[in-house]
Amino acid sequence: MGHQRASAVLVTGASGEMGHGLLGSLAAERAVGGPAVIAVDIRELDASIRAKCDHAFVGDICDHALLERLLAMYEITEIYHLAALLSTRSEFAPETAHQVNVGGTLNLLHLAAEQARSHGSTVRFFFPSSIAAYGMPDLKTKHAARAVDESSYCEPHTMYGCNKLAGEHLGRYYSAHYRKLAKDRIAHPVDFRSIRFPGIISADTVPSGGTSDYGPEMIHAAAAGTPYRCFVRPDSTIPFMTMPEAIEAATRLMRAPAARLTRCVYNVASFSPSAEDFAALVRDAFPNAQIDFDPDLGRQSIVDSWPAVCDDSAARRDWGWKPTYTLDGAFAEYLLPIIARRYGVRTATAGRHAGAPRLEG
Ligand code: SER
């Protein structure tokens, strides 16, 4: 049976933006006696990320042989399934996106269920879903809607959104109903937990292939001294949060007692700036920033279909979620200090940040 295999947490998409953030916190748990951390990514991990893992596999999550190998080597107790093609990239190759985003998720859920069968305990599974799971029919409805809860407007306009919604449903199925009619069925093999994340902004990395990328791109471009052409209108508004908040949310949800959870999928919310709000803060910090707005109709329509504000009351109630930052606080306390250091530049101390700590120079 499983007694010779090392117990491990598996992270897919480990070299992506969220993987960078998450591996830091898993490595900290590992250092104080937590389980081994094993990573899978289609690309070789860079050295700093590799150092945080016990074992890194380069491979495709659609490759059954790779997953079988993992199963043979490790007793996997938790999975963070982060690998995905983001929304803009997925629209250029929707069928491939489906294979990776849904097919990959199905493989990982199957792996989790097989692991549960082999070691006899439920495997906890984290799935990052997205505001892309929503589809507001038009701008008028979006602006009239106010905070959107998890069950409303789930008619996504993108393949990525359809894939995320499918992943949520598959997770719920593997948790509660997997192989309902099988004689050798095991009840509740997977404990599936998911968060519909807003756009995420990291001070350390820039995203690739997403549609909320204009937020992080704008600030990193200004710090790098590069002109930025924003692909959405100034009034475009969707929710965002910082990467540390996203990692805190994922780990907090994964540590929550199962009895406290009333659903599989939760919204979380921090702040909801317009693209112009974002640009104003970037210009405050980098007075020479060149930011133009040149909306791309297709990407604009995707952003317009995402809600402006999400209702996170279930997450607050069930597992104590609360955001760390306001928009101003995120700039002053997290983004600007780290980004300025990273690019070796100074930021102007802006009056707009009144009340927030002064920036490091
Ligand atoms: N940030 C993602 C994207 O833009 C949304 O989940 O695709």
Quiz item: Tally time: how many residues in the range 173-196 are part of a helix (DSSP H, G or I) and surrounded by fewer than 20 Cβ atoms within 10 Å (Cβ to Cβ)?
Solution: 2
Quiz item: Hey, among L67, L22, which residue is within 22 Å of H119 (Cα to Cα) and in contact (Cβ under 8 Å) with a residue 40 or more places away in the chain?
Solution: L67
Quiz item: Out of (1) at pLDDT 95 or above; (2) of a type in the set (V, I, T); (3) more than 15 Å from the ligand (Cβ to nearest atom); (4) within 22 Å of the chain's Cα centre (by Cα), what's the single condition that is false for I61?
Solution: (1)
Practice problem: Can you tell me which residue within the range 143-174, out of those that are within 21 Å of the chain's Cα centre (by Cα) and of a type in the set (G, A, S), is nearest to the ligand (Cβ to nearest atom)? | Solution: G161
Quiz item: Taking E78, is it charged (D, E, K, R) and farther than 22 Å from A246 by Cβ?
Solution: no
Exercise. Just name the residue that is nearest to the chain's Cα centre (by Cα) out of those in the range 187-216 that are within 11 Å of the ligand (Cβ to nearest atom) and of a type in the set (D, E, K, R).
Key: R196
Quiz item: Of the numbered conditions (1) of a type in the set (G, A, S); (2) crowded, with 20+ Cβ neighbours inside 10 Å; (3) out of contact with any Phe, Trp or Tyr (no Cβ under 7 Å at 6 or more places or on another chain), A166 satisfies every one except a single condition; which is it?
Solution: (2)
Quiz item: Taking into account only those residues within the range 117-142 that are among the charged types (D, E, K, R) and part of a helix (DSSP H, G or I), which is farthest from the ligand (Cβ to nearest atom)?
Solution: R117
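The values are calculated or read from the model by the stated rules, or taken from the named source; none is laboratory data. Note that this is a predicted model, so its numbers are computed, not measured. Positions of Cβ are backbone-derived with ideal geometry, glycine not excepted, and every protein chain shown enters the neighbour counts.
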